[in-house]
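Colleague: What follows is a single structure, and I will ask about it in a moment.
The values are calculated or read from the model by the stated rules, or taken from the named source; none is laboratory data. None of these values were measured; they are calculated from a predicted model. Quick reminder, even Gly has a Cβ in these numbers, built from the backbone with ideal geometry, and neighbours come from all protein chains shown. Ligands, DNA and RNA are stripped out before the accessible areas are found, and what is left, the full protein with its side chains, is counted by its heavy atoms. Shrake-Rupley method; radii C 1.70, N 1.55, O 1.52, S 1.80 Å.
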Amino acid sequence: MPLSDLPPDGVVIVGAGPAGLACAATLLDQGDTFVTVLDAGSGAGGQYWRQPAPPADSSDPGALRPDAMRGLHHDLGTFAELRSRLEAGQAAGRASLLTDHHVWTVVAAEGGHVVHAVDRSGGPGRERAVELRARHLVIATGAHDRSLPFPGWDLPGVLTAGGLQALLKAGDVALGPRVAVGGTGPFLLPVAAGLADRGATVVGVFEANSPTRWLRELRAVAANRTKLAEGAGYAATLLRRRVPVRTRTMIVEAHGRERVEAVTVARLDASGHPRRDTHRRIEVDAVGVGWGFSPQLDLAVTLGCALTADASGTPVVQVDEWQRTSRSGVSAAGEACGVGGAALAVAEGRLAARGIVGASASDAETAGLREEVARLRAFAAAMHRAHPVPAGWADALRSETVVCRCEEVSAGTVRHAIAERGATDARQVKQLTRAGMGWCQGRVCGHAVELLAGGGSGSPAERLVSTPLPLGVLASRKSRAM
Amino acid sequence: MSTFRFDDVSIPFRDGQSVGAALVAQGILSWRTTRLEGRPRGLFCGIGICFDCLVTVDGVPSQRACLVRARDGLDVTTQEGSGYAAE
């Protein structure tokens, strides 16, 4: 869509997940501005409400149906409501949803920003450059699984926990038949429950932390009873499907030649180190591991938005009471402001919209949203404290274990850069070893390298081009601008 | 049922699935070898972040199998190294 086709005063929302959809729906209700929502996926929903791509031929009996995915999603009612409000906006000519659009950068321009995206809806080799002018920009880019390396984690069949769930939600494929789920955090439960419900044999959920850590967080839990009920629902499914949940246990190795064939799990001692005398080998066909999530900060970092740290020390976008960032005309909502789940993202998306249309801070709706955000943020902080990465996560790493999957940099090389060459953070390790320099730009190995270097999460990597794009797309962009 | 070609095999898929989902549904877990050590790779993050599931689609290398939608008659081939024969 050429730049000139778009109203110059519109709001552009990057991300059609819970935060972006809620923001769009509220903007359409409350304001008269034109709203454009871009998403890299094939439809609205984000990762949380991920759906199969809409069928090309609606009469195809074999096509995947969103309805068939019921039971895998939580709070689909909210999704249906938000999506229908966006669709009504589209029908009224007030909104546009651009799917298969990967935003690769945003630059400041007179009166706002210009959003640069690649439209991949035409398929490989038919990418198209798209530029949108935004009077106001909303960063609702969500998060991705946080991974930590372990021996064998690069074997085919070892995925992130979110990867296993994405296959289920969008493809109706339950990887297995025998699957192990590990890492830490409440997210492991719905992943395991979804797989078990779809016929996979879940050999275990291996949660590194002890549930007793939640006993220190009773206030946050008591204030968020729906979260407790949600967790109890998944726990009941796991019980019914006879899925063992092993706490203070982690997957320390995946075994196999051309694909994963087994895992070794170990109990963690009181200080969070795996005990060698507790090693147990379990045959599996697939593995999903997740250590929480990392917010996608690329656009915020590129724009120079101020960052802050969440309860786990992870850098997140700093926002004010209207979800506004430190950059004029740029708001952020959802996981980019700290991982906290879909309900929080929805509340923040609504609040961001109210800020953009200039709602009164004293109206009941705004006050209610702020209360909800504070309550859910307190729960998120409790979750981060209850599910830290255990101190001994790297004990099982061997010198030859791959840390950077893209550039094939081993743990030995990374450790050498730190111990012998004085690297103190991920950036220096990258310069010395190429870890984090490949296709994924350190999204997968960055956190692990930062931990190995002994730092906290440090300052996030700046990625001026946040998704690889064909040179032809850049060339077409340039020729049009001239 | 609709199918696409993966090397010399015909892969059935359900409309709406990605190339990656269709492949793993057939028990195929890897379709790329790494540039340095030639190790097999397939899906890892499943959401377009990690670039491990790169595959050549209709002659265009380095496409993310988890994002490319399966379509009838698509020609999908294993990617070795960077996907460019000249390397």
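Colleague: So if each residue of separation counts as 0.36 nm, and I subtract the Cα-Cα distance between A:A88 and A:R257, what length gain in nm does that give?
Modeller: Numbers: separation 169, 0.36 × 169 = 60.84 nm, distance 5.23 nm.
Difference between extended and current length: 55.6 nm.
Colleague: Run the numbers for A:R126 and A:V357: contour at 0.36 nm per residue of separation, minus the present Cα-Cα distance, in nm. Numbers along the way, then the final one.
Modeller: Details: separation 231, 0.36 × 231 = 83.16 nm, distance 3.72 nm.
The A:R126-A:V357 span can extend by a further 79.4 nm.
Colleague: Specify the angular offset, from 0 to 90 degrees and rounded to the nearest 10, of the alpha carbon long axis of helix A:161-171 from the longest principal axis of the alpha carbons in chain A.
Modeller: Taking the Cα atoms of chain A, the angle to A:161-171 is about 50 degrees.
Colleague: If one takes the accessible area of chain A alone plus chain B alone and subtracts that of the pair, with a 1.4 Å probe, what total in Å², rounded to the nearest 100, results? Please report the intermediate quantities before stating the final value.
Modeller: Working: alone 21110 and 5320 Å², together 22890 Å².
Buried: approximately 3500 Å² between B and A.
Colleague: With only Lys, Arg, Asp and Glu charged, each at its Cβ (+1 for the first two, -1 for the last two), find how big the charge dipole of chain B is about the Cα centre; round to the nearest 20 debye. Intermediate results must be reported in sequence, preceding the final value.
Modeller: Values: 9 positive and 10 negative charges, 54 e Å.
It comes to approximately 260 debye.
Colleague: For A:Y234, tell me the accessible area in Å² from a 1.4 Å probe, rounded to the nearest 10.
Modeller: Rounded to the nearest 10, that gives 40 Å².
Colleague: Here's a follow-up. With a 1.4 Å probe and all protein chains left in place, how much accessible area per residue does the protein assembly as shown have, in Å²? Display every interim value, and only then the final one.
Modeller: Details: 22890 Å² over 569 residues.
Using a 1.4 Å probe on heavy atoms only, each residue of the protein assembly as shown averages 40 Å².
Colleague: How well do other chains shield peptide B:19-29, expressed as the mean number of their Cβ atoms within 10 Å of each residue Cβ? Working shown, then result.
Modeller: Details: counts 1, 6, 10, 2, 1, 8, 6, 1, 3, 2, 12.
So the per-residue partner count for this stretch is 5.
Colleague: Further question on the same structure: At 7 Å along the Cα-to-beta-carbon direction for both A:I282 and B:S10, put a label point, then send me their distance in nm to one decimal.
Modeller: Rounded to a tenth, the inter-label distance reads 4.0 nm.
Colleague: Report the relative contact order of the range A:147-291, percent, no decimals, based on alpha-carbon pairs under 8 angstrom and at least 6 residues apart. Each step should come with its number before you reach the end.
Modeller: Working: 299 pairs, mean separation 51.5, N = 145.
About 36 percent, as a whole number.
Colleague: Sorted from largest down, what three extents in whole angstroms do the Cα atoms of the range A:397-482 have along their principal axes?
Modeller: Computed over the Cα atoms, the extents are 51, 24, 19 Å.
Colleague: Assuming R0 = 35 Å, can you tell me the calculated FRET efficiency for the pair A:V107 and A:T424, based on Cβ-Cβ distance, to the nearest 0.05? Walk me through the intermediate numbers first.
Modeller: Working: r = 32 Å, r/R0 = 0.91.
Using R0 = 35 Å, I get an efficiency of 0.65.
Colleague: Sticking with this structure for a sec: Shielding of B:48-60 by partners, i.e. mean partner chain Cβ atoms within 10 Å per residue? Could the numbers behind the result be given before it?
Modeller: Working: counts 7, 14, 14, 10, 9, 3, 1, 1, 1, 3, 4, 2, 6.
Other-chain Cβ atoms within 10 Å of each residue's Cβ, averaged: 6.
Colleague: Calculate, in nm to one decimal, what A:R240 and A:V465 gain on full extension: separation in residues at 0.36 nm each, minus their alpha carbon distance.
Modeller: Numbers: separation 225, 0.36 × 225 = 81.00 nm, distance 4.65 nm.
Additional length available on full extension: 76.3 nm.
Colleague: While we're on this one: For the pair A:S210 and A:E365, what calculated FRET efficiency results from E = 1/(1 + (r/R0)^6), where r is the Cβ-Cβ distance and R0 = 56 Å, to the nearest 0.05?
Modeller: On the way: r = 40 Å, r/R0 = 0.71.
So, using R0 = 56 Å, E works out to roughly 0.90.
Colleague: So how much accessible area does A:I356 have, in Å² to the nearest 10, using a 1.4 Å probe?
Modeller: We get 30 Å² for A:I356.
Colleague: Using a 1.4 angstrom probe on heavy atoms only, work out the carbon and sulfur share of the accessible area of the range B:3-79 in %.
Modeller: On the way: 1140 of 2590 Å².
Roughly 44 percent, rounded to a whole number.
Colleague: Quick one: if the Förster radius is 25 Å, what FRET efficiency do A:M437 and A:S399 give, using the C-beta to C-beta distance and rounding to 0.05? Provide the component values of the computation, followed by the final result.
Modeller: Numbers: r = 20 Å, r/R0 = 0.82.
That pair, A:M437 with A:S399, gives E of 0.75.
Colleague: Say each of B:T3 and A:A56 gets a label point 7 Å from the Cα, pointing the same way as Cα to Cβ; how far apart are those two points in nm?
Modeller: Placing both labels 7 Å along Cα→Cβ, they lie 1.6 nm apart.
Colleague: Out of the total accessible area of the range A:147-291 (probe 1.4 Å, heavy atoms of protein only), what percent is carbon and sulfur? Intermediate results must be reported in sequence, preceding the final value.
Modeller: On the way: 3040 of 5950 Å².
It is 51 percent, rounded to a whole number.
Colleague: Here's something else I'd like to know. Return the tail of the calculated pair distribution for the protein assembly as shown, meaning the percent of Cα-Cα pairs more than 47 Å apart. Kindly include the intermediate steps, with their values, before the conclusion.
Modeller: Numbers: 11524 of 161596 pairs.
Taking all Cα-Cα pairs of the protein assembly as shown, the fraction more than 47 Å apart is 7 percent.
Colleague: Give a quick list of GluC sites (Glu not before Pro) in the range A:127-226 that DSSP marks as loop, anything other than H, G, I, E or B, with at most 15 other Cβ atoms within 10 Å. Could the numbers behind the result be given before it?
Modeller: On the way: sites: A:E127, A:E131, A:E207, A:E217; in loops: A:E127.
When the GluC sites (Glu not before Pro) of the range A:127-226 are filtered for loop state and at most 15 Cβ neighbours within 10 Å, nothing remains.
Colleague: With a 1.4 Å probe and all protein chains kept in place, how much accessible area does A:R135 have, in Å² rounded to the nearest 10?
Modeller: Surface accessible to solvent at A:R135 totals approximately 100 Å².
Colleague: Counting only other chains, what is the mean number of Cβ atoms within 10 angstrom of the Cβ of each residue in peptide A:321-334? If you can, show how the numbers build up before the last one.
Modeller: Working: counts 0, 0, 0, 0, 0, 0, 0, 0, 0, 0, 0, 0, 0, 0.
That average works out to 0.
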